[in-house]
1. Can you work out which of the residues in segment 51-68 that are loosely packed, with under 12 Cβ neighbours inside 10 Å and without any contact (Cβ under 8 Å) to a residue 12 or more places away in the chain is nearest to residue 33 (Cα to Cα)?
2. List pairs: first residue in segment 29-40 and more than 13 Å from residue 65 (Cβ to Cβ), second residue in a helix (DSSP H, G or I) and at pLDDT below 90 anywhere in the structure, Cβ distance under 8 angstrom, at least six positions apart or on different chains.
3. Name the single residue that is modelled with the highest pLDDT among those in segment 33-43 being part of a helix (DSSP H, G or I) and in contact with a strand residue (DSSP E or B) (Cβ under 8 Å, 6 or more places away or on another chain).
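The values are calculated or read from the model by the stated rules, or taken from the named source; none is laboratory data. Only a predicted model underlies this, so the values are computations on that prediction, with no experimental measurement involved. Cβ atoms come from the backbone with ideal geometry, glycine included; neighbour counts cover every protein chain shown.
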């Protein structure tokens with residue numbers, strides 16, 4: 001269960017292992033912060049989309065968007 005009303009979605013992956021992945025993150029075996037390559041605020045959402053649209057060119061693995 002995710003705290004703070006957070007929804008995690010996956011795409012183009014084998015979703016049958018998503019629960020195992022979440023369990024490993026919760027147990028501290030995997031640090032998801034290591035996969036975040038770019039951070040944006042909500043007012044930069046168009047920049048975030050542009051960055052991820054050319055993920056390879058921008059070397060973007062995971063993009064995080066925060067409210068402020």
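1. Checked segment 51-68; the qualifying residue nearest to residue 33 (Cα to Cα) is 56.
2. Pairs found: 30/21.
3. For segment 33-43, the residue satisfying everything is 42.
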